[in-house]
Amino acid sequence: MEQRVVRTVMRPPRSKNLTLTQAKRAWRKVMRDERKAEERKRLDQAARAGAPPVS
Amino acid sequence: MPATYENSVFINCPFDTAYRPLFEAVVFSVYDCGFHPRCAMEGDDSSQVRIQKITSIIGECRLAIHDISRTQFDLTHFLPRFNVPFEFGIFVGAKVFGGREQRRKACMVFDVDRDRYKTFISDIAGQDIREHGHEPETLVRHVRDFLSGHFPSAVILPGGRALVERYHDFRRQLAASCAELRLDRDTLTFRDLAIMAVGWIDLNPLPHHALNGNTVHS
C-alpha cells in the first residue's frame with residue numbers, strides 16, 4: 001500500500017522577545033500622547049487667562 | 001555601525017534593585033554617546049559558565065566602566081560583594097598581559113567617594129577614581145567625559161548637561177512605553193533596557209549617532 005507523505009509547514013512561533021520596531025512604536029505613541037497633553041495644557045492655560053488660543 | 005572592539009564598553013557594576021537607576025543611567029548614556037554597552041546580564045544562557053562569559057565580553061571591549069561603590073559589608077553575611085573588583089582585576093589583567101589590541105584598553109572607575117577605595121583595594125592607588133554619590137546625573141556627566149575622549153572619530157559630543165536632560169526625558173517616558181509594551185518597568189532585562197534605549201535614541205538622534213550607529217547586543 002502506497003503511503004502518502006504529508007508535509008506540514010510549521011510556522012515559527014512568534015518571538016516573545018521585544019524588538020526594536022515594537023519599542024519604537026511604543027515610544028512614538030508615548031511621545032505623541034505627551035505632545036497632545038502639553039498642547040491641551042497650553043490651551044487650558046490660555047483659556048483660563050482669557051487669551052485666544054494660538055495654534 | 002555594529003558593535004566592535006573599539007566602540008564596546010564593558011559595564012561592570014552591581015545589578016541589585018537599589019543600583020537600578022544608576023545602571024539605567026550608565027546604559028542610556030553609553031548608547032547616547034554612540035558606544036555599545038556590554039555586560040554580564042546580556043543573553044540568558046544557563047549552559048554558559050559565567051566567568052567564561054565575562055572574560056569573553058571583557059576581551060571584546062576596549063573600554064570599561066567599573067563601579068566599586070557596592071563593595072561594602074552585607075548585613076546578613078558580614079562579607080562584601082566582590083564580583084565588581086574581581087572583574088575589574090580581570091580587565092586590568094587583560095590590559096597588562098594581553099596582545100597589542102588588549103593593551104589599548106581604557107577604563108573609568110566609580111565609587112561613592114574618591115578615597116574610600118584606599119581602605120579595601122589600595123593597589124589601585126594612583127588611578128583617577130570618580131565619585132558619583134549615588135546620583136545618576138553625576139554618573140551620566142562622568143560617562144560622557146570619559147567616552148568623549150575615546151570616540152573613534154574626531155567628534156565633539158554634546159555636553160554633560162544636554163545628555164542629562166536627554167536621560168531625564170528618557171526616564172520620564174520609560175514607564176509609559178513599558179506599560180504600552182506590557183513590560184515591567186522595574187525589572188527590565190538588560191536586553192529590553194538596551195532596546196528601549198536604542199529605540200528612544202533612534203527617534204531623538206544627535207549628529208554623532210549617524211557616525212557610530214547603535215545596535216543591541218543580545
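The values are calculated or read from the model by the stated rules, or taken from the named source; none is laboratory data. None of the values given here were measured: they were computed from a predicted structure. Neighbour counts are summed over all protein chains in view; Cβ atoms, including those assigned to glycine, are modelled from backbone coordinates with ideal geometry.
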Test for B:Ala64: is it modelled with pLDDT of 95 or more and not polar (S, T, N, Q): yes
Does B:Ile51 satisfy the criteria of being at pLDDT 85 or above, touching a Lys or Arg at 6+ places or on another chain (Cβ under 7 Å) and surrounded by fewer than 24 Cβ atoms within 10 Å (Cβ to Cβ)? no
Would you please list the contacts, defined by Cβ atoms under 6 Å and residues six or more apart or on different chains, that run from a residue in segment A:32-47 that is in a helix (DSSP H, G or I) to a residue that is not small (Gly, Ala, Ser)? A:Leu43/A:Pro53; A:Ala46/A:Pro53
When you scan segment B:62-101, how many residues do you find that are outside any helix (DSSP H, G or I), buried (at least 17 other Cβ atoms within 10 Å of the Cβ) and free of Cβ contacts under 8 Å to residues at least 24 places away in the same chain? 0
Out of B:Arg130, B:Arg166, B:Arg141, sole residue that is within 14 Å of chain A (Cβ to nearest Cβ), among the basic types (Lys, Arg) and surrounded by 15 or more Cβ atoms within 10 Å (Cβ to Cβ): B:Arg166
Could you list, in sequence order, all residues of segment B:105-128 that are closer than 22 Å to B:Ala40 by Cβ and not in a loop (DSSP other than H, G, I, E, B)? B:Ala106, B:Cys107, B:Met108, B:Val109, B:Phe110, B:Asp111, B:Tyr117, B:Ile124
